[in-house]
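This report refers to the structure that appears directly beneath it.
The values are calculated or read from the model by the stated rules, or taken from the named source; none is laboratory data. Just so we're clear, the structure is a prediction, and the values are computed from it rather than from any experiment. Counting neighbours? That spans all protein chains shown, and the Cβs are built from the backbone with ideal geometry, glycine included. When the accessible area is computed, the model is the full protein with side chains, heavy atoms only, and any ligands, DNA or RNA have been set aside. Shrake-Rupley method; radii C 1.70, N 1.55, O 1.52, S 1.80 Å.
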Amino acid sequence: MKAPLHTISCRLHTVGRRGAGLGLAVLMALAALAYSSADAAPVTVRFPEGVTHGFLLVRSLAGEIIGQGEMTQVVKEGDLVESQLVFRFKDGSLHDEKVAFSQQRVFTLIRYRLIQRGPSFPDQLDISVDRGTGEFTVRSQVGEEGKEEVLTGQVDLPKDGYNGMLITVLKNLQKGADETVSVLAFSPAPQVIKVQLRAIDEQPAHIGDLSSKATQYVFTPQIGLIREWFGKAIGKLPAQVHYTCWILVDAAPSFVQFEGPLQLMGPIVRIELVSPRLPPKTEDKKVSSK
């Protein structure tokens with residue numbers, strides 16, 4: 001199965017944090033000023049995306065299966081690609097992420113929609129952004145019982161804005177190359193945050209009886225200097241924010257594994273591939289029972 005996961009992204013969702021809401025909004029605004037005075041170049045398409053249907057497991061870091069996922073991707077008219085990634089958790093939580101992008105010479109995010117709800121997510125979110133209209137909508141509430149807040153407005157998506165596309169970007173980097181791209185953080189208004197994609201290691205990856213090497217990448221949102229300015233005033237932010245992904249970097253790059261939170265204040269999870277399988281045939285059951 002080629003590259004069945006393309007849409008997991010580093011997300012800095014800070015909506016609904018009333019105790020530090022003003023500080024977080026200022027932090028994200030300063031981060032935007034510090035790192036996004038000009039758009040970086042969008043990522044060149046080296047491996048065009050196509051029709052894909054992949055299946056995934058969500059585990060805790062202890063190895064317990066806490067959810068299952070499914071990723072579908074189709075190519076529409078022209079070069080428009082539409083992807084949807086859905087995780088359903090055992091506790092009833094839902095992560096539903098839709099991305100539409102073009103891939104004519106460079107990758108360009110066209111539309112983005114994210115829904116996160118249930119006890120696995122500290123903030124209940126429904127976020128949408130459209131490059132064509134420039135419109136965004138953020139529906140958010142703290143916990144499942146909080147009051148819903150709605151914010152709408154206009155935003156200019158940077159040319160290298162890749163919410164929901166960081167795995168796609170990694171697959172198209174030259175082997176071992178680093179890259180810095182943009183994502184929108186919602187605080188609750190969208191702010192541009194730069195994210196460094198850095199190759200740090202190679203590890204063995206087993207494929208049945210075969211073995212290969214996977215490149216380990218770390219996603220690091222560049223908010224460290226801003227954090228130092230605010231110090232303890234932003235007490236709810238974790239000490240370190242990073243996300244880790246492993247990619248088989250060869251003639252046909254493909255996803256291996258991801259570790260990180262699906263929401264900034266949420267638990268760290270591990271996402272990995274799983275293959276469909278048929279139940280044993282009747283005669284196979286008879287043989288195994290002897």
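List of remarks:
- Out of Lys213, Lys194, one residue alone is in a strand (DSSP E or B), open to solvent by less than 20 Å² (accessible area, probe 1.4 Å), modelled with pLDDT under 95 and not aliphatic (A, V, I, L, M). It is Lys194.
So that you can scan it fast, the table gives a plain yes or no per residue for (1) open to solvent by less than 10 Å² (accessible area, probe 1.4 Å); (2) at positive phi; (3) in contact with a strand residue (DSSP E or B) (Cβ under 8 Å, 6 or more places away or on another chain):
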| site | (1), (2), (3) |
| --- | --- |
| Arg88 | no, no, yes |
| Lys98 | no, no, yes |
| Arg105 | no, yes, yes |
| Ile127 | yes, no, yes |
| Val142 | no, no, yes |
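- Within the stretch 52-81, the residues that satisfy the criterion of being surrounded by fewer than 18 Cβ atoms within 10 Å (Cβ to Cβ) and of a type in the set (A, V, I, L, M) are Leu57, Leu61, Ala62, Ile65, Val74, Val75, Leu80.
- Test for Val138: is it in a strand (DSSP E or B), β-branched (Val, Ile, Thr) and open to solvent by 70 Å² or more (accessible area, probe 1.4 Å): no
- For the stretch 170-186, a residue qualifies if it is open to solvent by 10 Å² or more (accessible area, probe 1.4 Å) and either acidic (Asp, Glu) or closer than 18 Å to Met265 by Cβ (or both), and the qualifying residues are Asp178, Glu179.
- For the stretch 108-123, the criterion of being surrounded by fewer than 16 Cβ atoms within 10 Å (Cβ to Cβ) and farther than 15 Å from Leu262 by Cα is satisfied by no residue at all.
- Positions within the stretch 144-169 being open to solvent by 20 Å² or more (accessible area, probe 1.4 Å) and either touching a helix residue (DSSP H, G or I) at 6+ places or on another chain (Cβ under 7 Å) or in a loop (DSSP other than H, G, I, E, B) (or both), in sequence order: Glu144, Glu145, Gly146, Lys147, Glu148, Val155, Asp156, Leu157, Lys159
- For the residues Gly132, Gly92, the requirement of being of a type outside the set (A, V, I, L, M) and within 19 Å of Ile271 (Cβ to Cβ) singles out Gly92.
- Within the stretch 196-214, residues that are farther than 16 Å from Ala252 by Cα and small (Gly, Ala, Ser) have Cβ atoms under 6 Å from residues that are open to solvent by less than 90 Å² (accessible area, probe 1.4 Å) and modelled with pLDDT of 90 or more in these pairs: Ala199/Thr215; Ala199/Tyr217, counting only partners at least 6 apart in sequence or on another chain.
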